[in-house]
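Read through the structure below, which is laid out as structure tokens, and then see the notes.
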Amino acid sequence: MSDSRTSVTDDSGDVIEQKLLNHGHNLIRRTIVPDEIESIKHSVQEVLDSNHESHFLITTGGSGIGVRDSTPEAVMSFDHTTLAGFGELFRMYSERDIGPRAMLSRAEAGILKQNSKRIPFFILPGSPHAVTLAMDACILPVIGHILDLCHTKEHA
């Protein structure tokens, strides 16, 4: 989510893509969306409407406290369950690297719900270092388990 990134300068998107591919995940879609609530909501709705059975959403950028940072508001305006532990864990790891500035991050995770679909989402900061930390320490170790839980018949 950015007003300033392009496909050439999206370093955080590159980190996410490479880490997913290196861990055996397929990249279904990658796009740069302006920091505007309606644009972000439109992009999230496209994910919810897609026909892919086992997938998740990772966003980068727009999760701070800047005037244009609106990713959490847009994504979490959909029916969802919050995974509060993700943000807590990410900020704890981040604090070790950047100190108290970690509290300025509004990184979040949860499960988007639409009809019988349950799609995990992760809202990450725009910094490549923060994205690397989130992917390595918080997302990749558990994403398989999260997907298994979201796609069992008891949740359908």
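In table form, for the structure just shown:
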read-out: The chain: Cα Rg divided by the 2.2 N^0.38 Å rule of thumb; value: 0.98
read-out: Footprinting exposure proxy for 76, 103 (fewest neighbouring C-beta atoms within 10 Å first); value: 103, 76
read-out: Computed label-point distance, nm, for sites residue 81 and residue 46 using a 7 Å Cα→Cβ extension; value: 2.8 nm
read-out: Selection of GluC sites (Glu not before Pro), the stretch 42-136, meeting DSSP coil and at most 14 other Cβ within 10 Å; value: 53
read-out: Dipole magnitude of the stretch 83-156, debye to nearest 20 (Cβ charges: Lys/Arg +1, Asp/Glu -1, about Cα centre); value: 240 debye
read-out: Cα Rg, Dmax (largest Cα-Cα span) when computed across the stretch 63-148, Å; value: 13.0, 41
read-out: Cα shape, the stretch 59-109, gyration tensor, a/c 1.5 rule; value: oblate
read-out: Dipole magnitude (debye, nearest 20) for the stretch 22-155, charges at Cβ of Lys, Arg, Asp, Glu; value: 100 debye
read-out: Added length on full extension, which subtracts the Cα-Cα distance from 0.36 nm per residue, residue 31 to residue 96; value: 20.3 nm
read-out: GNM result for the chain, Cα springs below 10 Å: residue of 107, 84, 134 fluctuating most strongly; value: 84
read-out: Computed over the chain: relative contact order in percent, which uses C-alpha pairs under 8 Å that are six or more apart; value: 25 percent
read-out: Within the chain, helix-based [θ] at 222 nm, where runs of 4 or more DSSP H residues each add -39,500 (n - 2.57), nearest 500; value: -11000 deg cm²/dmol
read-out: Dimensionless Rg over Rh [the stretch 20-85; C-alpha; Kirkwood]; value: 0.97
read-out: Karplus-derived HN-Hα couplings along the stretch 20-37 (A = 6.51, B = -1.76, C = 1.60, θ = phi - 60°), whole Hz, x at Gly and Pro; value: 5, 5, 5, 9, x, 8, 9, 8, 7, 7, 9, 8, 9, 10, x, 6, 9, 3
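Where a number appears in this text, it was derived from the coordinates with a stated rule and is not lab data. Quantities reported herein were computed from a predicted structural model and do not represent experimental measurements. Note that we place each Cβ from the backbone using ideal geometry, even for glycine, and neighbour counts take in every protein chain shown.
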